[in-house]
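Working notes, beginning with the structure itself.
The values are calculated or read from the model by the stated rules, or taken from the named source; none is laboratory data. Because the structure is a prediction, the values reported are computed rather than measured. So basically every Cβ, Gly included, is an ideal-geometry build from the backbone, and we count neighbours across all protein chains shown. For accessibility, only protein heavy atoms count, side chains too; no ligands or nucleic acids. Shrake-Rupley method; radii C 1.70, N 1.55, O 1.52, S 1.80 Å.
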Amino acid sequence: MEELTASISVKALVQHTLMSGDIDDRYSGRSTALEGIRGHQQLQRARGQGYEAERRVAGTGRFAVCGDRVREGDDPGADERVVVVALNGRVDGVFADRSPVEMEEIKTLRGNPAMLPESHHKLHWGQLRIYAHLLLAEIDSDSIVLRLCYLNLDDGQEHTYETLASRASLHDFYIDTVARYCRQLVRLADWWALRDTTLGAPFPLGAFRPGQRALATTAWRTAIAGGEVVLQAPTGIGKTMGVLYPAVRALEGGHREKVFFLTAKTVGRQVAESALRDMQNVGMRLRSVTITAKEKVCFTGTACDPEVCQYARGYFDRRERAVREAFATDHLDREAIEQVARAHVVCPFELSLDAARAADVIICDYNYAFDPVVYLRRFFDADDSSPYVFLIDEVHNLVDRGREMFSAGLDKETFLEARRGAGPASRVGKLLMRANRWFLEFRKSLPDLAEQGIVTSGELPARFIARLRTFVSEAEEMLREGLDDDTQAALLPVYFDVVRFVRTAEAYDSATYVSIVEDRKRRFRARLFCVDPAPQLREGLARAAASVLFSATLFPKRYYERLLGVREDAQWYALASPFPSENLGVFLLPIQTTFRARERTASEVAGAIATFVRAKPGNHIVFFPSYAYLSLVAEHYAAESGEEVAHQTRHMDEEAREAWLARFQIGTRVTGFALMGGIFGEGIDLAGDRLVGVMVVGVGIPQPEVERDLTRDHFGEEGERFAYQYPGMQRVLQTAGRLIRTEADRGALCLVDARFTQPFYRELMPSSWAPKVVQPARFNEALYAFWRGATETSAASVASSAMTGRDAATAASGEGT
Ligand code: SF4
């Protein structure tokens, strides 16, 4: 049998093999990477003569494996397989000239190490023991002193634990640990071998759609060669399958280890799941996991505390079996994960993360790769070079999502609310009251705030942050000691908000952040706003060996080039639309829709909608930039046409959304009013005659707000465009993309706003469009010409017969002739 080789850091090895006991999130104690480095250096410098810092250790072991039986040696029997494991790591410090030799592992943290869950201590000792085993291979000694030193960054105190270990005991420990890893590795390798025999299956959709082959080839080349590619591919080309199929082909032979399909929206996740099912239908075997947000899949809604959650208690002792049984089916979507989790009494969220280790494809939100608080450390913090491929769906969303992920805010009122929930006299209540006082002192330290209501600065509020750190330490101590359910429920949301705020402060950099303090309408809020997400997105992208970023709308290129954080040598491609351009009629209606003009022109807009809808029987959707504007025009439209519309309403849940979309069927005549950039503005798929017309009212400019104004100020000359105009046009183009979904679709797109006729906006429209500027008085005529497929000249002569909208509709549909 072929040898199996693996190279792994000692830290990763113990994490893979030695976790046991409970999930316990009551105390994280985590310090940042930078704080950790500084803490390490501070102690290492203080250790004095004879101390060798950062000593490298490495060693390779050969093992013969058959099922669960593992033994050291490379003389395999007939049924055994040789596994070669190369370990490497760096010991924080060694006193090699002492007898016995001493070595230490330093761990920096915030808070008292006694609060760390037992499972963490076990990992730290495990790491130290494996290091010691590797070190003893280089040193002539039968025993060694192991020292585990925790440095509490809050008070600078060292907490040291020591033990003397013999060469023989360390060797036994090493064999036991590596044997566990070998078993996992052999099971995984067996799966990979089986999977690889199926990856040559044909493209699941039969023939490639026009343009899809070029997309797939580019994605495949990038997945194999590494680097980054940014693909603008029009709606309907089949982007998800076009990138996922080639990316999984790159897994063959271990070229890449995993594909992460990163998406911003539920619909993107569903499309990826469906693509995987299509691959399965043509015989491809792939293990996939969908990671759903913790708050959505949590069975209990409590804290991850073994004392209150049975799914947390003993999780690590049951997880291996649960993961193995979960993969009785290849695709683990949310439902499948929940089913297995209930059967094994394990946390569904943690199970999805553990299953992801054994998966080939992981479907998850952007934040699991990019968010500094929740990114998947188990994959991305390994020292080994990254073997992953990122497929980033609808990547135009990443700019704003990046800003969200890298920003944080705190509201004084939430502390007072939590205090009411916890009880003012309780310890937690008193802590929250103290935090409230810190807010008040912070407010006092800003003399301009009372007058201006808002103060912005490029400086971090350092004193306030230091106090919040104290809050985190004390809250963790209380959580660790145990709180009753109500108090814990009151404290946890605030605690998580503060942790995020403090972590965001650690990434704060005056070149990319602005501090905002607001005291308005009896609300006092502090926010660390990431105005430029590019550097941190860059860090996220570096977690993959290859990234394919794709979207239907990525122009202007300079905007995304500046903000997505892609490498300078990233390749950019824009694929042409696969659909006949004459199937899309684009009309620019120069009606004023600026905020001030809305009341005045609402009736004219309503009239244009009536004309648009009557010109072609079928389903139409009109998109507005705000609910207020939507309602205003809806009133005029009802008065003008007497027809009802299907309104998008605020807070529509999944069911309401589906019900709304279900009204748009072939043969129905529904007019929908919806919000640009809302739940129907992106990701809906009403192919064929389910949608014949889309009208977009306004240029999509977002509502003015402090953060956007700061963005504008930050980017100087380009500011107005970066903050308002480009994001607005992005929404318009995404919305327009709802219309033509297949080669056979034919539809009318009407953009209503005088600004659309300006060169600036015309340049932002796809080159495949041939927009016509049409005055409202001639709109009916132009639509009629389009729907009849007639030339403008003949349409003009037909229109001169003064047909009404209704007549035009009848004529276009062929009814009554
Ligand atoms: S079920 Fe909920 S509370 Fe329990 S461990 Fe999982 S996420 Fe935490």
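Scan the stretch 213-239 for residues that are assigned to a helix (DSSP H, G or I) and open to solvent by less than 20 Å² (accessible area, probe 1.4 Å) and jot them down.
Pass one, the stretch 213-239, residues assigned to a helix (DSSP H, G or I): 213-225, 239.
Selection gives LEU215, ALA216, ALA219, THR222, ALA223.
For the subset of the stretch 564-585 comprising residues that are crowded, with 22+ Cβ neighbours inside 10 Å and among the aliphatic types (A, V, I, L, M), which member is farthest from ARG746 (Cα to Cα)?
Ranking the qualifying residues of the stretch 564-585, first place goes to VAL566.
State whether the residues of the stretch 178-200 include one that is in a loop (DSSP other than H, G, I, E, B) and surrounded by 15 or more Cβ atoms within 10 Å (Cβ to Cβ).
yes
Is one or more of the residues making up the stretch 546-553 at pLDDT below 90 and of a type outside the set (S, T, N, Q)?
Checking the stretch 546-553: at least one residue is at pLDDT below 90 and of a type outside the set (S, T, N, Q).
Which is within 27 Å of ARG180 (Cα to Cα), open to solvent by less than 40 Å² (accessible area, probe 1.4 Å) and under 13 Å from the mean Cα position of the chain (by Cα), of LEU351, LEU376, LEU391?
That would be LEU376, the only listed residue that is within 27 Å of ARG180 (Cα to Cα), open to solvent by less than 40 Å² (accessible area, probe 1.4 Å) and under 13 Å from the mean Cα position of the chain (by Cα).
Being closer than 15 Å to MET676 by Cβ, open to solvent by 10 Å² or more (accessible area, probe 1.4 Å) and assigned to a helix (DSSP H, G or I): is that true of SER603 here?
Values: closer than 15 Å to MET676 by Cβ: no; open to solvent by 10 Å² or more (accessible area, probe 1.4 Å): yes; assigned to a helix (DSSP H, G or I): yes.
Considered against the rule, which asks whether it is closer than 15 Å to MET676 by Cβ, open to solvent by 10 Å² or more (accessible area, probe 1.4 Å) and assigned to a helix (DSSP H, G or I), SER603 comes out as no.
Among (1) of a type in the set (A, V, I, L, M); (2) under 13 Å from THR671 (Cβ atoms); (3) surrounded by fewer than 24 Cβ atoms within 10 Å (Cβ to Cβ), where does ALA597 come up short?
With (1) of a type in the set (A, V, I, L, M); (2) under 13 Å from THR671 (Cβ atoms); (3) surrounded by fewer than 24 Cβ atoms within 10 Å (Cβ to Cβ) applied to ALA597, the lone miss is (2).
Which one of these does LEU630 not meet: (1) open to solvent by less than 50 Å² (accessible area, probe 1.4 Å); (2) modelled with pLDDT under 90?
In the conditions (1) open to solvent by less than 50 Å² (accessible area, probe 1.4 Å); (2) modelled with pLDDT under 90, LEU630 misses (2) alone.
Would you check which residues across the stretch 169-197 are of a type in the set (A, V, I, L, M) and in contact (Cβ under 8 Å) with a residue 24 or more places away in the chain and list them?
Selection gives LEU170, ILE175, VAL178, ALA179, LEU185, VAL186, LEU188, ALA189, LEU194.
Out of all the residues in the stretch 473-485, which are open to solvent by 20 Å² or more (accessible area, probe 1.4 Å) and part of a helix (DSSP H, G or I)?
Across the stretch 473-485, the qualifying residues are SER473, GLU474, GLU477, ARG480, GLU481, ASP485.
Filter the stretch 58-100 down to the residues that are assigned to a loop (DSSP other than H, G, I, E, B) and aliphatic (A, V, I, L, M), then identify the one that is most open to solvent (accessible area, probe 1.4 Å).
Out of the qualifying residues, it is ALA78.
I'm checking my understanding of the structure. Among residues of the stretch 135-173 that are assigned to a helix (DSSP H, G or I) and open to solvent by 10 Å² or more (accessible area, probe 1.4 Å), which one is nearest to LYS107 (Cα to Cα)?
Per the stated criteria, the residue is PHE173.
Tell me which of these ALA264 doesn't satisfy, since it passes every other one: (1) surrounded by fewer than 21 Cβ atoms within 10 Å (Cβ to Cβ); (2) away from the ligand (no atom under 16 Å from the Cβ).
(1)
List the helices (runs of 4 or more DSSP H) that sit entirely inside the stretch 284-391 and contain at least 1 residues that are acidic (Asp, Glu) and more than 14 Å from the ligand (Cβ to nearest atom).
Here the list reads 315-326, 334-344.
Say whether the condition of being modelled with pLDDT under 95, within 16 Å of the ligand (Cβ to nearest atom) and either in a loop (DSSP other than H, G, I, E, B) or out of contact with any Cys (no Cβ under 8 Å at 6 or more places or on another chain) (or both) is met by at least one residue in the stretch 409-423.
Within the stretch 409-423, none of the residues are modelled with pLDDT under 95, within 16 Å of the ligand (Cβ to nearest atom) and either in a loop (DSSP other than H, G, I, E, B) or out of contact with any Cys (no Cβ under 8 Å at 6 or more places or on another chain) (or both).
Which of the residues that make up the stretch 137-156 are within 21 Å of GLN44 (Cα to Cα) and over 37 Å from the mean Cα position of the chain (by Cα)?
Scanning the stretch 137-156 gives ILE144, VAL145, LEU146, ARG147.
If you take just the strands (runs of 3 or more DSSP E) that sit entirely in the stretch 486-573, which of them hold at least 2 residues that are closer than 29 Å to GLU35 by Cα?
Details: elements: 513-520, 523-530, 546-551.
The strands (runs of 3 or more DSSP E) meeting that bar are 513-520, 523-530.
Give the stretch 688-706 a look and list any residue that's within 26 Å of VAL613 (Cβ to Cβ), open to solvent by 20 Å² or more (accessible area, probe 1.4 Å) and of a type in the set (Val, Ile, Thr), or say none.
ILE701
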